[in-house]
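Notes for the one structure printed next.
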Amino acid sequence: MPTPKPYDALIVGGGHNGLTCACYLAGAGYKVRVLERRAVVGGAAVTEEFFPGFRNSAAAYTVSLLHPKVIRDLRLAEHGLRILERPLANFLPLSDRGYLKIGNSLGQTQTELGRFSARDAERLPGYYAMLERAGGVLRQQLLETPPNIGGGARAALAALRAVYRMRKAGVAARRDFFDLMTKSAGELLDAWFESAPIKAAFGFDAVVGNYASPYAPGTAYVLLHHVIGEVNGRRGAWGHAVGGMGAITQAMAREAERRGVEITVDCEVSKVCVDDRGAQGVQLADGSMVDARCVVAGLDPKRLFLKLVDERVLEPDFVQRIRGYKCGSATFRVNVALSELPDFTCLPGRHLQAHHQSGIIIGPSLAYMEQAYFDARTHGCSRAPIVEMLIPSTVDATLAPPGRHVASLFCQHFAYDLPDGLGWDAIREPAADLVIDTVTRYAPNFKSAVLGRKVLSPLDLEREFGLTGGDIFHGALTLDQLWSARPVLGHADYRTPVTGLYLCGAGTHPGGGVSGMPGHNAAREILRDLRRGRRRDRAQRR
């Protein structure tokens with residue numbers, strides 16, 4: 001009889017999805033261990049001091065997609081998590097005098113939009129209603145396992161359930177959903193609105209973490225992906241986690257430990273050990289082995305299969321498709337410590353105002369965003385980058401000394417692969433200077449207010465957080481990498497070609513963002529297999 005394994009499941013990677021998966025598995029009575037390469041769990045959702053006295057979310061930086069079921073099931077509020085909605089959704093400085101505010105209410109935004117186009121203000125309720133219909137179709141699929149096309153009776157039943165839900169949603173919702181799945185964001189927004197500022201405000205969601213022109217087919221889906229979340233029960237809202245994004249993963253870690261999960265940091269996995277029976281455990285960087293009944297990877301698919309799994313145990317076609325799996329979100333991250341708030345020319349004042357507490361978007365038109373993409377394709381970096389700035393210290397005073405502030409600058413488009421022999425180690429700081437100068441064109445005091453900064457190029461995101469190509473979504477959210485095709489057709493159910501090896505990260509359905517949904521869904525499938533194995537073992541003993 002085989003020797004019992006010390007663990008039922010090893011979770012490779014202590015990011016938020018790995019922790020979520022670990023909590024559900026341990027809550028079902030299984031022995032689970034999380035192995036995290038860095039000195040702290042949380043993956044890209046961590047809070048770190050980047051300049052003496054200044055703390056900020058290191059990479060992931062804002063909350064909306066974290067699923068309410070995950071928050072409830074993992075008792076995150078009881079472990080101290082508080083999420084505050086932004087007092088104002090978004091602020092777009094457009095020129096020395098022009099700006100657009102996107103409010104937290106329809107009437108507020110209509111009033112703002114009316115300054116640019118009465119027609120657009122009148123059409124705004126219809127646009128929001130369309131997004132809600134399409135979002136309703138997508139929300140029904142978020143916590144479901146996609147069907148493996150051609151995968152037998154279970155896959156057929158899953159496909160039938162999906163079709164039934166689509167039919168139940170109604171024909172208008174299905175049409176809206178199909179439009180958003182197939183069209184470009186630019187095409188969609190041009191059909192709804194006439195003024196450039198409102199198209200830019202909504203089009204920004206289509207290029208966040210998405211290395212594409214807003215007129216590329218499929219970018220409308222990325223727009224939809226970013227509006228299906230909620231904050232404290234209000235759909236479509238975005239918020240700040242008090243204490244930074246690390247507050248989410250630390251709350252998850254506390255719940256995991258309460259459920260008996262063993263968490264080991266500074267513990268790098270170098271190999272998934274596979275024999276003819278499947279995954280048997282892992283080998284650590286120090287050469288030691290850890291055995292388990294199954295291995296669950298919170299890593300992106302490319303990193304797992306091309307670095308940790310011996311290709312000889314995989315079919316050549318699968319390896320080829322993983323090599324072709326698209327990773328690279330062209331994102332560039334700068335955290336800055338500020339001596340004072342930015343003083344925008346279009347809305348003067350260094351005192352705290354509502355727009356300082358919003359998502360501040362530098363990207364005045366879809367044409368501006370498209371040119372940023374074209375520049376990156378040609379030169380590697382946007383000459384006039386798209387920047388979203390958040391100043392979380394305006395709502396969370398724990399992040400900076402009194403009277404000071406921290407800001408996160410999340411920027412597009414900065415390609416992972418640079419032309420002409422350029423390397424990110426050489427151009428990281430000049431690229432950060434470009435970002436600072438871009439914001440300073442709209443807020444002249446910004447550059448002089450920067451006391452210190454931490455810069456993360458796409459290469460740094462890969463090095464520090466294990467994001468292949470610096471991809472914040474563990475793979476592009478393109479039509480060929482969604483739902484039953486994420487990461488590849490035939491393996492959308494969180495199981496891999498290797499028996500006992502699973503994926504639970506954002507490289508699985510429903511994709512990127514700090515949501516916990518991939519971890520939740522993967523745990524459900526792993527529990528089915530573990531229970532089936534336990535029943536089989538009992539039968540063999542009898």
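For this structure, a couple of remarks:
- Entry note, the chain: the mean residue ellipticity at 222 nm calculated from DSSP H runs of n ≥ 4, each adding -39500 (n - 2.57), is -11500 deg cm²/dmol after division by the residues and rounding to the nearest 500.
- The stretch 298-358: equivalent-ellipsoid semi-axes (sqrt of 5 x gyration tensor eigenvalues, Cα, Å): 49, 12, 8
- Using Cβ point charges alone (K and R +1, D and E -1), the dipole size of the chain about the Cα centre works out to roughly 2200 debye.
- Applying Stokes-Einstein at 4 °C and 1.567 mPa s to the Kirkwood radius of the chain, computed over alpha-carbon pairs, gives a translational diffusion coefficient of 54 µm² s⁻¹.
- P(r) weight above 26 Å for the stretch 281-401, C-alpha pairs, percent: 55
- The alpha-carbon atoms of the stretch 372-414 define a convex hull whose volume equals 67 cubic angstrom per residue.
- Under the Debye formula (equal points on every Cα, no solvent term), log10 I(q)/I(0) of the stretch 190-291 at q = 0.16, 0.25 Å⁻¹: -0.91, -1.27
- Quotient of Cα Rg and 2.2 N^0.38 Å for the stretch 8-74, N being how many residues it contains: 1.28
- Taking the centroid of alpha carbons for each part, the stretch 271-350 and the stretch 360-422 are 23 Å apart.
- For the stretch 45-138: span of alpha carbons on each principal axis (Å, largest first): 46, 39, 19
- For the chain, cysteines whose Cβ has no other cysteine Cβ within reach (under 4.7 Å): Cys23, Cys267, Cys273, Cys294, Cys327, Cys346, Cys381, Cys411
- Counting only DSSP beta bridges whose two residues both lie in the chain, roughly 75 percent are antiparallel.
- Placing dummy labels 7 Å off each Cα toward the beta-carbon, the span from Arg258 to Asp73 is 1.6 nm.
- Whole-Å distance, taken between Cα centres, linking the stretch 496-516 and the stretch 38-65: 22
- Span from the the stretch 430-484 Cα centroid across to the the stretch 219-233 one, whole angstrom: 20
- Relative contact order (%) - the stretch 293-360, alpha-carbon pairs under 8 angstrom, separation at least six: 19
- When the residues Met289, Met130 are ordered by accessible surface, computed with a 1.4 Å probe over the protein chains alone, the sequence from largest down reads Met289, Met130.
- Value of Rg to Rh for the stretch 384-542 (Rh from inverse mean 1/r over Cα pairs, i.e. Kirkwood): 1.13
- Cross-link pairs Lys5/Lys271; Lys101/Lys199; Lys5/Lys302; Lys69/Lys199 - those with Cα-Cα distance over 24 Å: Lys5/Lys302; Lys69/Lys199
- Between Val34, Phe51, Val207, the Cα set farthest toward the positive side of the dipole of the chain (charges on each charged residue's Cβ, about the Cα centre) is that of Val34.
- Taking the inverse of the mean 1/r over every pair of distinct Cα atoms in the stretch 433-497 gives a Kirkwood hydrodynamic radius of 15.0 Å.
- Seen from every direction in turn and averaged, the convex hull around the alpha carbons of the stretch 233-286 projects onto 7.2 nm².
- Descending semi-axes in whole angstrom, ellipsoid equivalent of the stretch 280-328, from the Cα gyration tensor: 22, 13, 10
- Cα→Cβ-extended label distance, 7 Å offset, between Met289 and Thr182, nm: 5.3
The values are calculated or read from the model by the stated rules, or taken from the named source; none is laboratory data. These numbers were taken from a predicted model, which means no experiment stands behind them. Using ideal geometry, Cβ is built from the backbone for each residue, glycine included, and neighbour counts are taken over all protein chains shown. Ligands, DNA and RNA are stripped out before the accessible areas are found, and what is left, the full protein with its side chains, is counted by its heavy atoms. Shrake-Rupley method; radii C 1.70, N 1.55, O 1.52, S 1.80 Å.
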